[in-house]
Amino acid sequence: MAEVVFRDLAERQGLSSRVASSSASTGEWHVGERADIRTIEALERRGYDGSRHRAKPFTAASFADNDLVVALDRTHERILREWARDEDQEGKVTLLLSFDRDAENLDVPDPYYAEATMFDAVLAMIETATRGLFRQLEPALRSSRTTSRTMPQN
């Protein structure tokens, strides 16, 4: 969800040529598969297209390929920081909900075992935090002549 929302926001702001956004997992389950149908449906209800997403794992090379690594919960954040080879890589890791001033906690809940309404609630959280993240990145994206990369993590 976060990748789709961030990419859409960059596109609508005319900055898609300056941002590469991709999603990766800290586990290898579901590699190559589409997003859960409930995710795709929640995205569609809000006007996004999540049909092109395919699951892929986060790898050691992912740190070098990205300026920012965005984790959706503290478990993933901890794993990513453990995988970092140095302070620079570790410093790239941040939590998505830290960009939502009103977030009550920093973990995006996993809606997988919940009803479809939970997917909509999670998407709303992601949209709010992603707008906050984009507000912080936008000035640099507009002034930079080089491509910035960011990676929402799920």
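The values are calculated or read from the model by the stated rules, or taken from the named source; none is laboratory data. All values derive from a computational prediction rather than experimental measurement. Note that we place each Cβ from the backbone using ideal geometry, even for glycine, and neighbour counts take in every protein chain shown. Areas reflect the complete protein model, heavy atoms only, side chains present, ligands, DNA and RNA absent. Shrake-Rupley method; radii C 1.70, N 1.55, O 1.52, S 1.80 Å.
Overview of values
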read-out: Longest exposed-site-free window of the chain, the sites being GluC sites (Glu not before Pro) in a DSSP loop that have at most 12 other C-beta atoms within 10 Å; value: 34-103
read-out: Linear extension gain, GLU115 paired with ARG78, 0.36 nm per residue minus alpha-carbon span; value: 10.6 nm
read-out: Accessible area (Å², per residue) of the chain, counting only protein heavy atoms and a probe of 1.4 Å; value: 57
read-out: Alpha-carbon centroid distance for the pair region 33-52 / region 91-119, whole angstrom; value: 17
read-out: In region 28-90, the chymotrypsin sites (Phe, Trp or Tyr not before Pro) that fall in loop regions by DSSP, at most 13 other Cβ within 10 Å; value: TRP29
read-out: Region 55-130: translational diffusion in µm²/s, Stokes-Einstein, Kirkwood Rh over Cα pairs, 20 °C, 1.002 mPa s; value: 160
read-out: Amide proton proximity set for VAL93, modelled H, under 5 Å, gap of 5+; value: VAL69
read-out: Rough spin-label spacing in nm, given labels placed 7 Å along Cα→Cβ, for SER51 and GLU104; value: 3.6
read-out: Helix runs (DSSP H) in the chain reaching 18 Å along axis by Cα, Kyte-Doolittle at least 0.0; value: 116-143
read-out: Extent along principal axes [Cα atoms of region 86-127; Å; largest to smallest]; value: 40, 23, 15
read-out: Shape parameters for region 17-67, alpha-carbon atoms, Rg then Dmax in Å; value: 12.7, 35
read-out: Carbon and sulfur %, accessible surface of the chain computed with the full protein complex present, 1.4 Å; value: 46
read-out: Cα gyration tensor shape of region 1-93, rounded if a/c is under 1.5, else prolate or oblate by comparing a/b with b/c; value: oblate
read-out: Heavy-atom SASA rank of ILE37, ILE79, ILE126 (probe 1.4 Å, accessible area, largest first); value: ILE37, ILE79, ILE126
read-out: Cβ-placed point charges (K, R +1; D, E -1), dipole of region 1-135 about Cα centre in debye, nearest 20; value: 400
